Amino acid sequence: MATITINSCLIGKTSSMFIPYTFHIAKSCLKYQKNEIRLDLESPILSGLQQAKTYNDTVPPDCPRSVQHDECHVQFIRKEPYSFSWGCV
């Protein structure tokens, strides 16, 4: 997930890497020169854990097999699976 700001104005937030995003930027957020664009990225691992806690229920698999050396709760985030593990046995 990412939060996009320009000169401290919130432009938008993302929650999936599989869809394109288009954001409107209000003229009042822009300066004549030296605009600051900021992207704040959230850890996908921590985001998945937080969403699992918020959901307050088990959505299999909680964690992958240990042979995969994968992260837990990735089923709660929209990110390519190979970022975490290919599932090799």
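The values are calculated or read from the model by the stated rules, or taken from the named source; none is laboratory data. Please read these numbers as outputs of a predicted model, since none were measured by experiment. Here the Cβ positions follow ideal geometry from the backbone for every residue, glycine too, while neighbour counts run over all protein chains shown.
A few points about this structure:
- When region 48-89 is filtered for residues that are modelled with pLDDT of 75 or more and small (Gly, Ala, Ser), the ones remaining, listed by number, are GLY48, ALA52.
- Filter result for ILE45 (of a type in the set (A, V, I, L, M) and at pLDDT 85 or above): no
- Residue that is farthest from ARG78 (Cα to Cα), among those in region 7-42 that are of a type in the set (Val, Ile, Thr) and either in a loop (DSSP other than H, G, I, E, B) or in contact with an Asp or Glu (Cβ under 7 Å, 6 or more places away or on another chain) (or both): ILE25
- Checked against the criteria, ALA26 does not count as of a type in the set (Gly, Ala, Ser), at pLDDT 90 or above and either within 9 Å of the chain's Cα centre (by Cα) or surrounded by 14 or more Cβ atoms within 10 Å (Cβ to Cβ) (or both).
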